[in-house]
Every structure is written in C-alpha cells, then in structure tokens.
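Novice: Below you'll find the structure I mean.
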2 protein chains.
Amino acid sequence: MAGCASPVTADFYRGRSVLVTGGLGFIGSTLARRLSVLGADVHVVDGVIHDTGWNRFNLADSDVRVHAADVRDAYALKPLVRGRSVIFHCAGQVSHLDSMCAPFADLDANCGTTLQLLESCKQHNPEATIVLAGTRQVYGRPQCLPVNETHRVNPTDINGVHKAAAEFYALVYHHAFGLPTTVLRLTNVYGPRQLIRHPRQGVLGWLIGQAVQGHPLQLFGDGGQVRDMVYVDDAVDAFLRAGAEAACVGGVFNVGSDRAVTLKSFAHALIEVVGHGQVEYVEWPADRQAIDVGSVVLDSSKFRYTTGWTQIVSLDDGLRETVAYYRRHFSHYL
Amino acid sequence: MAGCASPVTADFYRGRSVLVTGGLGFIGSTLARRLSVLGADVHVVDGVIHDTGWNRFNLADSDVRVHAADVRDAYALKPLVRGRSVIFHCAGQVSHLDSMCAPFADLDANCGTTLQLLESCKQHNPEATIVLAGTRQVYGRPQCLPVNETHRVNPTDINGVHKAAAEFYALVYHHAFGLPTTVLRLTNVYGPRQLIRHPRQGVLGWLIGQAVQGHPLQLFGDGGQVRDMVYVDDAVDAFLRAGAEAACVGGVFNVGSDRAVTLKSFAHALIEVVGHGQVEYVEWPADRQAIDVGSVVLDSSKFRYTTGWTQIVSLDDGLRETVAYYRRHFSHYL
C-alpha cells in the first residue's frame, strides 16, 4: 500500500539522517522502509532481544543500515545518535501480560532504553527531534469515551506504568533540558511485519496469524470490547508528521481512529477477507482479565489539527494487505 | 513531642510485626521509633546508600532491629517481608536535583526498590498491608490550588517520574494481584532526624540546619512560593492511620496542611525561634528553576475523612522542637 505522507513531509526527510530504535520491529521497520523511500539516510538500532518483535526479514531487501545493539548501552548509542536529525524511538517491550510476569525486564526495556536514549541525546545531540512511540495503555480503563489527552494517566499493568514513565521522561527532558521531544500515544496498530507467533503482543496480530493459518479465532467473553484500529501505514505517517512538524515539540498526541470496532466485528471482517474461518468465544483467563482495560477509543483531534494527519486506510483494505503479506511470507513469522 | 496516634491506632500496632524500609532515614526512623513505643515488633531495612538520608544516630537508644540491606536484593528481602503485618515503604532517593544529574541511580532507588518490595510481598507475604511514602511532586506545577488527588500527574523532574511510577506499581499490584497497598502523597515534611548537611534533599531541612549554625538563610527569587508544611510527628501519625485503616487500601491520599506558608514566612518564623539570623534573597540557579513547581498546597480532605487524621502540631511548635533537637545533636547531622 502506498505511504500516506503528504508531499511536505516527504520533502522534509530527503537527505536527512534519521535513527529508528527498535527498527527491526513491526512499526519501526515499516517506518524505516518508508523513510528510505523518502530519501532519508536511515539507521536502525535494535537490541534483538529474545521473544520481542524484532525480525530481520522485516528489513530484507532494504538499504536501511541495521545496528544490533542494546539501546541501554551508552557506548553503543553515542555514535548512533550523533548527527541524526530525527530519532524515532520505537524500541521497547510491548507485552502487557509479560510485564506482569517479568516486571524488571519490562523496566529495563522501556524505562532503561528511553532514559538512556534521552541522556545520550542530551550529551551528544541535544538538537535531534525525538518522537516517542507511546501507547493508549497509559490511560488504563477509560473514564469516558472517546479518550482525549487530558484523560488521567492510570495504567492497569506494569507495561503501562513504564510506558507512562517513558512519556514523562520525554517531557522532563524537553522542559528542563530543551530537547525537542514529542510523544505519540498509539492505539491498536495492525499490518504487515507484526509479531504473530504468540498472543502476548497484541490481540490483532495474533488473530490475523490464526486466521491465515485457518485456526479458529478465540475471543474472550463476548468479544464486545470496542477498539479503534490503525493500519501501520497510517501510524507511520503519524510518526513522519510528528518528526517534521515543529508545533508537535513538547506535546503528547493520541493517534487513533474514529472508527470504533468491536473485536467480534474485527474477527468477522478478518474471516471475510481470508475467505473462511470461525470465531470461538472462551472464558476470560484470570491473568488477562485482571489487567484488561475494557473498551477504548481515542480522540485524535489534537494531532489532526496540529499536523493534518488523518487515517486513510479502511479496515477492509488494511486487512486485505495484511493477509496477503502474511500469505506470501508466512514462514518468516512463525 | 508526643505522638499523635489516636488510641485505636495505638492499640492496632501492639504486638504486630512491622517492617519499615528506609528506616534509618528521616520519616522512616521517626515512624519506627513511634511503632516501637506503641508496642510493635519493629524491623527496619536500609540500604545505607552514600549521600542519602540514612543516619544510624536516628535509631540510637531504640530497640528497633536494623537490617542493612539493599531493598532491590530479592534474597535479602525475602526473610524481611515474611511474617510482617504492615510494611511502610519509606526507602528511596528524594533529591529532585540529584535525579536530574543521576537519573539511573534515581531509577534504581525508587522504581527498583518499590518493584522488588511488591514482588517480594506478592511471592512471600501477599497479605501484608503496604503503605507507600509518595510525594506531591508527582503533580508537578499545580493547575489550581489546593491540589486534590484528581489533579493530573505531570512531574517536572526525574524523581517525580519515578515516584509516580512507584505509586502506579502499588495500585497495579493491588488491582491485579490483590496486595493491600496504600499510597500517601506527602507534602514538605520537617522535623528532627532530617538530613540537613546539604541543600539537595528538601529546602526546609536545609534552612533549619543553616539557621541553627547561624548562617544566613538563602531564598531563591523573592521567597514568595507557597508551601504547606507538616511536622514529622503528624506525618508519622498519617502513616500509622493508613496502615491500620482498611478503608485506605487501594487508595491514594494527599497528606498536607491547610496552613499555606510562603518560604519567606517560614524563614522568618525559623529566625524567631532560633533567636537571630537573616534572610538573603538570591537569583534562582538555572538547574533549580528548570524543575521548580512554584506554589503548592495540598487538599487532604480525602485522607481526613477516611482516617480522622488531622494536623496537630503548629509551625511554631514544630520549629521549636526541631531547633532544640539539632542544637542537642548537631554533631550527628553534619
């Protein structure tokens, strides 16, 4: 699917040196590929940490330069941040469930990496624009829908706590040290290059992987929880705009969809695209129910007004692209 | 000064086994001494980490059992949390300024300790009531005064970020794992046993130490920032009530004062008690101004209604006790 960046944004990145952390992962790699098409000098750093979303195939046949290094490693990071114009921080642990079983690993992967990135920029490149991949998980269970950026921060799981801390770091380093940082709070993103081999890193990727394999799609409860879903190309466009738009600096922005969809509807749309399949309703596992946030829909008006961003790709189109991708490349995502 | 616990609370602790983390520090040691007077079996653990607020003299002549161990050490913590009825978590790094220069040390001292304490309790003593010493710093610059608990969390410094994360941990471990946790957001506390030898751990202690030594009291700007101040015995009473009152479990409570005082008024009250001295107004140092939160006054109604707590000690009485203490024991706090 064609990238959605407006011509102005596209022009902004031509010839610029950019760094994407977590660049072998789902959003990071898609962003890196797009930046490369736009003519940027693209470097990615990835910790290639066991059981996270990195996949070397995500950057196969691209001219993106890949540095395998832990973002918490100050010595490795110093030459990687120097000279960059924009840094997109996509590295991190994203599994809510894993964060509850291994909270210290989540602390390292989210707080440790973000703090080190900011410290390295403060010391070696304080002018680089830093765009942080945040999450709507920081809101926890919404008090009202849709959720805008003034909603209280009240995470229900350890991953949400650390992602909230990472956001706060970015704002503190902006206000106290002048670093140009921006936080995007992303809703559920889906599309090619996502980890689909286990159900601990996002329900959408898991359901897509199951559907492509012809397995039944298991939903917890009645599948009635509402989500807003954004196709990865639209999410990448949001990052590009955030990195190019000076008015975003120091801000926190929701990036979600107006189109609220139940997980049940998502599953049925997916079955329609795949051509066959079935939904199974199962009881909530206790460990998942304990940290579930219920229905969530983000209000992205602030980001739309600030950058002109809008969601382009419909759920049906996005699912068609995604299913076609995994059918072509399934073996690389097992 | 006599402790302020109501008879009900006093009776609650008789014969109970309690643990105070950071128990050689200012509030921790005062709390431990009070618990000992109330007939509790009191253990404290303290990391005795360089340049933090621990002081062995704080527990001199008491029958409190002191364990020198790092709260991040799971093996050390296991026997210390087992069998305790109530755990007061006062360990941590409290310097806002230090957190900006050494953010990783602050991460370890605040997030690392709190997460390890909660993990240890989850594994070895999930029924222990845990009362967390939080801070009004999590609010950052207030949007309105007085600040109640619904005010947004928006810290201006790294210490505030980590203290916010520590609070969120406590709530996540309560909601997801059933641990009975309570968070107290303390305002500026002053009194005997506070670190007064450098100005990086709270302006009140520093001014008191300077006054006792006959040095001029330096205030930044015009000294017009408003603070609410609580004498340590009143703060200790808040901890005792929080640990004994089931209605506090899962809650977050401000512990502050109705009596708003400018730092200038505080300095003059202090000079009055000491008998001599002078105030000097100096320019804001840039590193302090960058993270200053301006005027702050907490609304503690929620805690008052829930526990019956109220501030007993007036500023004048508190300052008299404090100055007398440091005059007697000054050499131990240099």
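The values are calculated or read from the model by the stated rules, or taken from the named source; none is laboratory data. None of the values given here were measured: they were computed from a predicted structure. Positions of Cβ are backbone-derived with ideal geometry, glycine not excepted, and every protein chain shown enters the neighbour counts. To get the accessible areas, we keep the full protein, side chains included, count just its heavy atoms, and leave off ligands, DNA and RNA. Shrake-Rupley method; radii C 1.70, N 1.55, O 1.52, S 1.80 Å.
Novice: How about the stretch B:126-171: which of its residues are of a type in the set (D, E, K, R), away from chain A (no Cβ under 12 Å), in contact with a Pro (Cβ under 8 Å, 6 or more places away or on another chain) and within 20 Å of B:ILE27 (Cβ to Cβ)?
Specialist: Just the residues of the stretch B:126-171 that are of a type in the set (D, E, K, R), to begin with: B:127, B:136, B:141, B:149, B:152, B:157, B:163, B:167.
Then drop every residue that is not away from chain A (no Cβ under 12 Å), which leaves B:127, B:136.
Okay, now just the ones that are also in contact with a Pro (Cβ under 8 Å, 6 or more places away or on another chain), so B:127.
Across the stretch B:126-171, there are no qualifying residues.
Novice: Right, something else. Mind counting the residues in the stretch B:93-102 that are open to solvent by less than 30 Å² (accessible area, probe 1.4 Å) and away from chain A (no Cβ under 12 Å)?
Specialist: Looking only at that region, the number is 2.
Novice: Tell me, please, whether a residue that is among the small types (Gly, Ala, Ser), closer than 26 Å to A:GLY205 by Cα and open to solvent by less than 10 Å² (accessible area, probe 1.4 Å) can be found in the stretch A:29-50.
Specialist: Checked the stretch A:29-50: at least one residue is among the small types (Gly, Ala, Ser), closer than 26 Å to A:GLY205 by Cα and open to solvent by less than 10 Å² (accessible area, probe 1.4 Å).
Here is a yes/no grid of residues against (1) under 23 Å from B:LEU145 (Cβ atoms); (2) touching a residue at least 40 places away in the same chain (Cβ under 8 Å); (3) within 14 Å of chain A (Cβ to nearest Cβ):
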{"site": "B:GLY277", "(1), (2), (3)": "no, yes, no"}
{"site": "B:VAL282", "(1), (2), (3)": "no, yes, no"}
{"site": "B:ASP292", "(1), (2), (3)": "yes, yes, yes"}
{"site": "B:SER295", "(1), (2), (3)": "yes, yes, no"}
{"site": "B:SER300", "(1), (2), (3)": "yes, yes, no"}
{"site": "B:LEU315", "(1), (2), (3)": "yes, yes, no"}
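Novice: Quick check on the stretch B:255-266. Is at least one of its residues open to solvent by 40 Å² or more (accessible area, probe 1.4 Å), hydrophobic (A, V, I, L, M, F, W, C) and more than 13 Å from B:VAL230 (Cβ to Cβ)?
Specialist: The answer is no, given that none of the residues of the stretch B:255-266 is open to solvent by 40 Å² or more (accessible area, probe 1.4 Å), hydrophobic (A, V, I, L, M, F, W, C) and more than 13 Å from B:VAL230 (Cβ to Cβ).
Yes/no matrix, rows are residues, columns are (1) small (Gly, Ala, Ser); (2) assigned to a loop (DSSP other than H, G, I, E, B); (3) touching an Asp or Glu at 6+ places or on another chain (Cβ under 6 Å):
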position: B:ALA242; (1), (2), (3): yes, no, no
position: B:TRP284; (1), (2), (3): no, yes, no
position: B:ASP292; (1), (2), (3): no, yes, no
position: B:VAL313; (1), (2), (3): no, yes, yes
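Novice: So, in the stretch A:174-194, how many residues would count as being basic (Lys, Arg) and outside any strand (DSSP E or B)?
Specialist: Let us first name the residues in the stretch A:174-194 that are basic (Lys, Arg), namely A:185, A:193.
If we keep only those that are outside any strand (DSSP E or B) as well, we get A:193.
Qualifying residue count, the stretch A:174-194: 1.
Novice: Quick test of your reading of the structure: B:ARG227 fulfils all but one of (1) open to solvent by less than 10 Å² (accessible area, probe 1.4 Å); (2) in contact with a strand residue (DSSP E or B) (Cβ under 6 Å, 6 or more places away or on another chain); (3) not aliphatic (A, V, I, L, M). Name the failing condition by number.
Specialist: Unmet condition: (1).
Novice: Determine whether the stretch A:322-331 contains at least one residue that is touching a residue at least 12 places away in the same chain (Cβ under 8 Å) and open to solvent by 50 Å² or more (accessible area, probe 1.4 Å). First the steps, then the outcome.
Specialist: Just the residues of the stretch A:322-331 that are touching a residue at least 12 places away in the same chain (Cβ under 8 Å), to begin with: A:322-323, A:325-327, A:329-330.
Those left that are additionally open to solvent by 50 Å² or more (accessible area, probe 1.4 Å): A:327.
Checking the stretch A:322-331: at least one residue is touching a residue at least 12 places away in the same chain (Cβ under 8 Å) and open to solvent by 50 Å² or more (accessible area, probe 1.4 Å).
Novice: Being touching an Asp or Glu at 6+ places or on another chain (Cβ under 9 Å) and open to solvent by 30 Å² or more (accessible area, probe 1.4 Å) narrows it down to one residue among A:ALA76, A:ALA105; which is it? Give the steps one after another, and end with the answer.
Specialist: On the way: A:ALA76 fails: open to solvent by 30 Å² or more (accessible area, probe 1.4 Å).
The match here is A:ALA105.
Novice: Then there is this: Exactly one of (1) more than 9 Å from chain B (Cβ to nearest Cβ); (2) open to solvent by less than 10 Å² (accessible area, probe 1.4 Å) is unmet by A:GLY83. Its number?
Specialist: If we test A:GLY83 against (1) more than 9 Å from chain B (Cβ to nearest Cβ); (2) open to solvent by less than 10 Å² (accessible area, probe 1.4 Å), just (2) comes out false.
Novice: Let me ask you something else. Could we say that B:LEU240 is open to solvent by less than 40 Å² (accessible area, probe 1.4 Å) and farther than 28 Å from B:GLY15 by Cβ here? Spell out the reasoning first.
Specialist: Values: open to solvent by less than 40 Å² (accessible area, probe 1.4 Å): yes; farther than 28 Å from B:GLY15 by Cβ: no.
So B:LEU240 fails the test.
Novice: When you look at B:GLY112, is it within 13 Å of chain A (Cβ to nearest Cβ), open to solvent by less than 40 Å² (accessible area, probe 1.4 Å) and on the phi > 0 side of the Ramachandran plot, yes or no?
Specialist: Working: within 13 Å of chain A (Cβ to nearest Cβ): yes; open to solvent by less than 40 Å² (accessible area, probe 1.4 Å): yes; on the phi > 0 side of the Ramachandran plot: no.
No, not satisfied.
Novice: Identify all residues within the stretch A:129-148 that are aliphatic (A, V, I, L, M) and open to solvent by less than 20 Å² (accessible area, probe 1.4 Å); write none if there are none. Walk me through how you get there before you give the answer.
Specialist: Taking the stretch A:129-148 first, the residues aliphatic (A, V, I, L, M) are A:130-133, A:138, A:145, A:147.
A:ILE130, A:VAL131, A:LEU132, A:ALA133, A:VAL138, A:VAL147 - these are the residues of the stretch A:129-148 that are aliphatic (A, V, I, L, M) and open to solvent by less than 20 Å² (accessible area, probe 1.4 Å).
Novice: For the stretch B:167-205, what are the residues that are among the hydrophobic types (A, V, I, L, M, F, W, C), touching a Leu at 6+ places or on another chain (Cβ under 9 Å) and open to solvent by 10 Å² or more (accessible area, probe 1.4 Å)? I'd like the intermediate steps shown before the answer.
Specialist: As a first pass, look at the stretch B:167-205 and keep what is among the hydrophobic types (A, V, I, L, M, F, W, C): B:168, B:170-172, B:176-177, B:179, B:183-184, B:186, B:189, B:195-196, B:203-204.
Filter again for touching a Leu at 6+ places or on another chain (Cβ under 9 Å), leaving B:170, B:172, B:177, B:179, B:183-184, B:186, B:189, B:196, B:203-204.
The answer is B:PHE177, B:LEU186, B:VAL189, B:VAL203.
Novice: Where in the stretch B:61-164 are the strands (runs of 3 or more DSSP E), entirely inside, with at least 2 residues that are touching a residue at least 40 places away in the same chain (Cβ under 8 Å), farther than 21 Å from B:ARG288 by Cα and in contact with a Gly (Cβ under 7 Å, 6 or more places away or on another chain)? Explain how you work it out, then say what you get.
Specialist: Values: elements: B:65-68, B:86-89, B:129-135.
Where strands (runs of 3 or more DSSP E) fall fully within the stretch B:61-164 and carry at least 2 residues being touching a residue at least 40 places away in the same chain (Cβ under 8 Å), farther than 21 Å from B:ARG288 by Cα and in contact with a Gly (Cβ under 7 Å, 6 or more places away or on another chain), they are B:86-89, B:129-135.
Novice: Moving to a separate point now. Would you pick out the residues in the stretch B:195-207 that are more than 15 Å from B:SER99 (Cβ to Cβ) and either under 17 Å from the mean Cα position of the chain (by Cα) or part of a loop (DSSP other than H, G, I, E, B) (or both)?
Specialist: Step one: filter the stretch B:195-207 for residues more than 15 Å from B:SER99 (Cβ to Cβ), giving B:195-197, B:203-207.
Across the stretch B:195-207, the qualifying residues are B:LEU195, B:ILE196, B:ARG197, B:VAL203, B:LEU204, B:GLY205, B:TRP206.
Novice: Does the stretch B:165-181 hold any residues that are closer than 20 Å to A:TYR139 by Cα and touching a residue at least 24 places away in the same chain (Cβ under 8 Å), and which are they?
Specialist: So the first thing to find is which residues in the stretch B:165-181 are closer than 20 Å to A:TYR139 by Cα, and the list is B:165-177.
Of everything in the stretch B:165-181, those that are closer than 20 Å to A:TYR139 by Cα and touching a residue at least 24 places away in the same chain (Cβ under 8 Å) turn out to be B:ALA165, B:ALA166, B:GLU167, B:TYR169, B:ALA170, B:LEU171, B:TYR173, B:HIS174, B:HIS175, B:PHE177.
Novice: Filter the stretch B:53-65 for residues that are open to solvent by less than 60 Å² (accessible area, probe 1.4 Å) and touching a strand residue (DSSP E or B) at 6+ places or on another chain (Cβ under 9 Å) and give the result. Outline the logic, then answer.
Specialist: Within the stretch B:53-65, the subset open to solvent by less than 60 Å² (accessible area, probe 1.4 Å) is B:53, B:55, B:57-60, B:62, B:64.
Residues satisfying the conditions are B:LEU59, B:SER62, B:VAL64.
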